[in-house]
Each structure stands twice: as structure tokens, then as C-alpha cells.
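So the structure is just underneath, and the comments pick up after that.
Read the figures in this text as sums done on the coordinates, not as results from a lab. All values reported here derive from a predicted model rather than from experimental measurement. With ideal geometry, Cβ positions are generated from the backbone for all residues, glycine too; neighbour counts draw on all protein chains shown.
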Amino acid sequence: MDLRLTDEQRMVQRTIRQFVERELIPLENEVLRNDIEGKPSLSTEKLEELQLKAKEAGFWGINTPEEYGGADLGAVMMALVLMETSKTFVPFQFGGTADNILYYANEEQKKEYLLPTISGEKKSCFAMTEPGAGSDTRNIKMTAVRDGDEWILNGEKTFITGGNEADFVMVIAVTDKDLGPQGVTCFLVDRDMGWTSEYIHTMGDWGPASLFFDNVRVPHENILGEVNGGYNLGLEWIGNARWIVGARAVGMAERALQMAIDYSHERETFGRPIADRQAIQWMIADSAVEIEAAKWLVLNAAHTLDRGEDNRHLASMAKLYGANMGNNVIDRVLQIHGGMGYTKEFPFEKWYREARLWRIYDGTDEIQRMIISRNLLKGNVKIGDYI
């Protein structure tokens, strides 16, 4: 069992790190200044310029299958990339990707939705959560009623990432209430078919949307997968994302901790650097241990997925521990910086608000604990069988 990265993985990790240090971190002061002034963090033109530079460097569709022009580097490599890009708060994502369930589209749907999404011509979002149905998917109320060759959709979705910018949505609606959770279907619905969105203001930079469907007519041919097959698609979309939260937390925490270490050498109190104070040393030590533990939980979940094995239990563990680790570390780092850490001159208050969201979306802490404990209590997973 080799617990070290391969030469290829180290090369990609090093290249991504150089890209972040050269292209993204120098933009941080601009992002902080724009945030203070209430402006967008970066212009659309600047973000497109960054994506073009990344594409020229060979990073396009990092986890997209090669048949669609991607690099298909796998889950472990994706985790390593996210750990590097999350070391900055500059809002950047590598292009050339699409939601994993969009690959279940038929050939016509791939031409109309998948390929334009990968190329960046179209933007998508996934909508399952409702005002009364978050993790409790059995409580989904949005309906889809068939009318000849069309389905009529009515209902509301909420907290939808990318919902304000999306050209189309992959939306889950009830098509057979007698089947319970299994009686839902996923539809591909263009914005110009009639659904609308409304911005939701949050305490952080995340600006999700509420989506409204009022007798929106969708052709039968726009069903993604099969009728009453939306539940499993939804679970696959959610489950695939959970360990990603942990990867982002690791990246942010590593950068923040290094900043705290550097600051502790510079900042003096009573004639000595605060790095000499045991209180600071213990916060640094605890943070380093927690980051390392979270990192291996994430990599194990990703490695298991690369092997084609069920990683949902590990993904829940990586998400639960990683999200809480991120909250703990940024809280300590802010404390180490004292009053300055609370100002917008440093990124810690920005990270603080972002990290708090990690414990909520893609399944709250409580949901992850329920999943983990249920797997163990029912014997679906045995203690010690995580490797």
C-alpha cells in the first residue's frame, strides 16, 4: 500500500500550485477591494482570460472523459487540484466540465446540453432542494404531470447553486407520488421554457437562487434518464460532491495555517514573537493534525471512487470531518491574527463566512452523522473496513 503520490500526480499538483501562485493569488487584493466596494469579485472578462490561460496550460476538463476533450485525471487528481485552487479565495474554476449526471443524456440531449456545457456555451444547474425538502427528499412537492407529449411542471426549488446564471436546469419533480421517493423524474428544462429565478442573499459570497415553475411545459424527450428514475440520479449528483467539500476545506486550511505561522513570527507581544507562546503553538499543532487527518479522509474517498467502488460512506466521513476541520482552523487563524483578523484587510473573515456554509450544503453535519451511524448500526459497513 503506497501512501505517496505518483510522479505524475506530483507534477500536476506542482503545476496547479504554480498557476495559483502566479495567476490567482496576485489578484487577491483586487478581489478584497471589490468586495468592500460591493462590486463583483472579478469581471467576466478576467475570469474568461484566466480560463483561457489554464486551457493553454493543458488544464481543461480535468475530470471530463477524453472522448469529450477532457483530461479525465480521476477523482484523486481532482481532489489534489481542488486542494491547490482552494488555497486562494479568488473565484476561479477550470473550464470544460459538466455535472456528472449529464453524461446519462441520450445522444440528442448530449448534442443540445452536454457538449455546449463542456465547451462553455451553456451554463447548467441542478435543482432538487425545495423550501420544505432539503435532505428529506421524500418531501419533494414539485410536480410534473404528463399532457400528451409534454409534461407540465409546477413548484419551487431553493438554494440552487448557479441558478441565477444557468441557461438550463436539471430539475427533479414528482411524477408518481404513489412510489414515494422513487416516483421522481429528472427533466432538462431550458430557461426560455418559462421558469424564473430569484437571487437569495446570504452571509457569504455564495449567491444561490430560488427557481419558480408555473405551468412550465417540457417535452417528453427532455427527460434525463428514465421516467421515475430521478431519485438515483439525484443521489449520485449529491454523493459525488460530498468529499469535494473536504478537499476544498483542506486547501483553504493549509493556506490559512501557513499565514498564521508566518504572522506568529512577525507579531510581537511583551518583547517576544507570539510564536513563542504556548497558546499559539497549540493552536498551530492542533490545526496541522486536523488538516492532515482530513486530507487522508478525502484522498481515501477519492481513491475508492477511482477504483469503481462505493465511496458514499467515506464521502460522508470526509465531508463531515473536513467541513468541521475547516471551521476550526479558520477560527483559530483568525484568533491568532487578533483584531486584524476580523477586518476585511485580511481574507479570514471572508473564509470564515464561506467555511460556515460547508457544514450545511450537500448534506448537513447532522445528515452525515445519520448516514455514517446508520451504515454502522445496520452492518452495511464494518468498523475497520474503510481501506
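Quick look at the numbers
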{"item": "Label-point separation, Arg4 to Glu266 (7 Å along Cα→Cβ), nm", "result": "3.5 nm"}
{"item": "Karplus (6.51, -1.76, 1.60) ³J(HN,Hα), θ = phi - 60°, over the stretch 275-291, in Hz, Gly and Pro reported as x", "result": "4, 7, 8, 4, 4, 6, 4, 5, 5, 5, 5, 4, 5, 4, 5, 5, 4"}
{"item": "Charge dipole (the chain, unit charges on Cβ, about Cα centre) - positive-most of Ala288, Gly69, Leu305", "result": "Ala288"}
{"item": "Residues Lys122, Lys157, sorted so that the one with the fewest Cβ neighbours within 10 Å comes first", "result": "Lys122, Lys157"}
{"item": "Rel. contact order, % - alpha carbon contacts under 8 angstrom, at least six apart, the stretch 42-90", "result": "19 percent"}
{"item": "Principal axis dimensions, largest first and in whole angstrom, of the stretch 259-373 by Cα", "result": "56, 23, 23"}
{"item": "In Hz, Karplus ³J(HN,Hα) per residue of the stretch 54-71 (6.51, -1.76, 1.60; θ = phi - 60°; x = Gly, Pro)", "result": "5, 5, 5, 7, x, 9, 9, x, 3, 10, 8, x, 4, 5, 10, x, x, 8"}
{"item": "C-alpha center-to-center spacing [the stretch 173-202, the stretch 46-81] in angstrom", "result": "30 Å"}
{"item": "222 nm mean residue ellipticity, helices alone, for the chain (DSSP H n ≥ 4; -39,500 (n - 2.57); rounded to 500)", "result": "-14500 deg cm²/dmol"}
{"item": "Spin-label zone in the stretch 157-175 - amide nitrogen under 13 Å from a point set 7 Å from the Cα of Arg146 along the C-beta vector", "result": "175"}
{"item": "Over the stretch 203-291, relative contact order from alpha-carbon pairs under 8 Å, at least 6 apart, %", "result": "19 percent"}
{"item": "Cleavage-rule hits, trypsin sites (Lys or Arg not before Pro), the stretch 241-308, DSSP coil, Cβ neighbours within 10 Å at most 13", "result": "Arg307"}
{"item": "Derived scalar couplings ³J(HN,Hα) [the stretch 33-47; Karplus, 6.51 cos²θ - 1.76 cosθ + 1.60; whole Hz; x for Gly, Pro]", "result": "5, 5, 4, 4, 7, x, 9, x, 3, 9, 6, 4, 4, 5, 5"}
{"item": "Qualifying GluC sites (Glu not before Pro) in the stretch 93-195, DSSP loop, other Cβ atoms within 10 Å at most 13", "result": "Glu121, Glu165"}
{"item": "Debye, to nearest 20: dipole size of the chain, +1 on Lys, Arg Cβ, -1 on Asp, Glu Cβ", "result": "1240 debye"}
{"item": "Label of the coordinate-derived value, Rg/Rh (Cα atoms, Kirkwood Rh), listed as [x] 1.00; [y] 0.95; [z] 0.98", "result": "[z]"}
{"item": "Lys, Arg +1 and Asp, Glu -1 on Cβ, resulting dipole of the stretch 98-228 about Cα centre, debye, nearest 20", "result": "260 debye"}
{"item": "For the stretch 337-361 versus the stretch 1-43, the gap between their alpha-carbon centres in whole angstrom", "result": "18 Å"}
{"item": "Across Lys53/Lys110; Lys55/Lys123; Lys39/Lys87; Lys141/Lys350; Lys46/Lys344, pairs whose alpha-carbon gap is larger than 25 Å", "result": "Lys53/Lys110; Lys141/Lys350"}
{"item": "C-alpha long axis of helix 348-358 to longest principal axis of the chain, angle in °", "result": "40 degrees"}
{"item": "Dipole axis of the chain (+1 Lys, Arg; -1 Asp, Glu on Cβ), positive-most option in Leu179, Leu334, Gln9", "result": "Leu334"}
{"item": "Net dipole in debye of the stretch 201-300 [+1 Lys, Arg Cβ; -1 Asp, Glu Cβ; about Cα centre; nearest 20]", "result": "120 debye"}
